[in-house]
Amino acid sequence: MRITVLVGGVGGAKFLLGVKQHLGWSPFGPPPANPDAGVQPTVSAVVNTADDIRLHNLQVCPDLDSCLYTLAGVSDLERGWGRRDETWTVSAELAGYGAEAPWFSLGDRDIATHLVRTRMLDAGYPLSLVTQALSARWQPGVDLLPMTDDRVETHVVVDDPEPTDDGPAGRVALHFQEWWIRHRAALPAREITPIGAAEATPGPGVLDAIRTADIVLLAPSNPVVSIGTILAVPGIADAVRTTTAPVVGVSPIIGGAPVRGHADACLAAIDVPCTAEGVGRHYGARTDGGLLDAWLIAPDDHADVPGVDVVRAPLLMSDPAATAGIVATALEVAGVRS
Ligand code: GDP
Ligand code: CA
């Protein structure tokens, strides 16, 4: 039994907790050492890396780290990102120097991760191997597969927030993180582009995880800057379209709004309505060149997605048990027994 999930950061990580719980594993930490019977199932997560950013010469991979920390049980669930029991001494000192990007807080514990990662990358290891090395400490219980080992960075084109008096108002491209965190996605996005994606190749194991899966799940992650950027790496969308496994997506939009974050601002940039139906149609039916066999939407939502089996289920990931219920529904809809 192999479950392959496409994920972003916080939403994706929460969803993976539910996958583990559904399998009868602890949501936090490694799978049980001695499975009761048969072969241990495998959970593979294809993780978005287009949010990655170089800060203070450190390579920061927010979505991979959200998965690592959350699945290990060391994340700060209240804040929603980063480590629990974090301290901020280095960030405060950097702010004292007026150092670049004060809007991106790096916790002290978190910085250790970035130091280890950056040192390994600088020594020539690809991100996929670095992620394995970090996983050896955190034991996430899930194979975390970066979508690519190549550099991909989402940039967001906005109207120049600081126009000069002379000349026509221009547009500027911001790193995704600057748009998302510094500007809280409040500047209307004219374009959202994963720079480098078109030239990137899928990370080791990514296509195989999709092709050999018993079920492929699209987590309720951001459809544009998490799932969308993964699918922008040539070969990945094709693998999803053509895998023999059923493909089930979970709507991140409930009642016309993202549960958390600014997915509405991202969807507006690509002219997709911020509704379960809008996102479902954006992914489309596999029978029609799209990605989905089935689409889970919240009980009070409505979605007509031609060619896709639309199923209503409670979709709030309030805790791993509730999320396990979503996963159970997805497997049931797909006719997959775990
Ligand atoms: P990020 O990379 O940290 O922004 O996280 P993801 O892209 O993986 O997930 C963010 C998305 O998760 C948001 O767009 C939300 O709509 C969605 N989300 C968050 N909580 C829930 C929830 O409880 N249920 C569902 N269905 N979606 C959620
Ligand atoms: Ca993200």
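The values are calculated or read from the model by the stated rules, or taken from the named source; none is laboratory data. It should be emphasised that the depicted structure is a prediction, and the values quoted were computed from it without experimental measurement. Ideal geometry is used to build each Cβ from the backbone, glycine not excepted, and the neighbour counts take in all protein chains shown. Protein only, heavy atoms only, side chains kept; ligands, DNA and RNA dropped before computing areas. Shrake-Rupley method; radii C 1.70, N 1.55, O 1.52, S 1.80 Å.
On the stretch given as the range 201-229, residues that are of a type in the set (A, V, I, L, M, F, W, C) and near ligand 1 (Cβ under 10 Å from one of its atoms) total 4.
Within the range 51-61, the residues that satisfy the criterion of being out of contact with any strand residue (DSSP E or B) (no Cβ under 6 Å at 6 or more places or on another chain) and open to solvent by less than 30 Å² (accessible area, probe 1.4 Å) are Asp51, Asp52, Leu55, Leu58, Cys61. One residue stands out among those in the range 77-91 that are closer than 12 Å to Ala13 by Cβ and open to solvent by 30 Å² or more (accessible area, probe 1.4 Å): the one that is nearest to ligand 2 (Cβ to nearest atom), which is Trp81.
The set of residues in the range 47-71 being more than 18 Å from Leu115 (Cβ to Cβ) and away from ligand 1 (no atom under 12 Å from the Cβ) consists of Leu71 alone. The residue that is farthest from Glu153 (Cα to Cα), among those in the range 38-90 that are assigned to a loop (DSSP other than H, G, I, E, B) and of a type in the set (Gly, Ala, Ser), is Gly38. Elements of the type strands (runs of 3 or more DSSP E) sitting completely within the range 191-282 and holding at least 3 residues that are closer than 30 Å to Val158 by Cα: these cover 191-195.
Collect the residues in the range 283-297 that are more than 27 Å from Gly80 (Cβ to Cβ), assigned to a helix (DSSP H, G or I) and touching a strand residue (DSSP E or B) at 6+ places or on another chain (Cβ under 7 Å), keeping them in residue-number order. Hit for the range 283-297 is Arg286, nothing else.
Among residues that are modelled with pLDDT under 95 and either charged (D, E, K, R) or over 22 Å from Val248 (Cβ atoms) (or both), Pro62 is not included.
Taking Glu100 as the residue in question, decide whether it is in contact (Cβ under 8 Å) with a residue 24 or more places away in the chain and open to solvent by 60 Å² or more (accessible area, probe 1.4 Å).
yes
Would you mind stating whether Leu231 is within 16 Å of ligand 2 (Cβ to nearest atom), hydrophobic (A, V, I, L, M, F, W, C) and over 10 Å from the mean Cα position of the chain (by Cα)? When the stated conditions are applied, Leu231 passes them.
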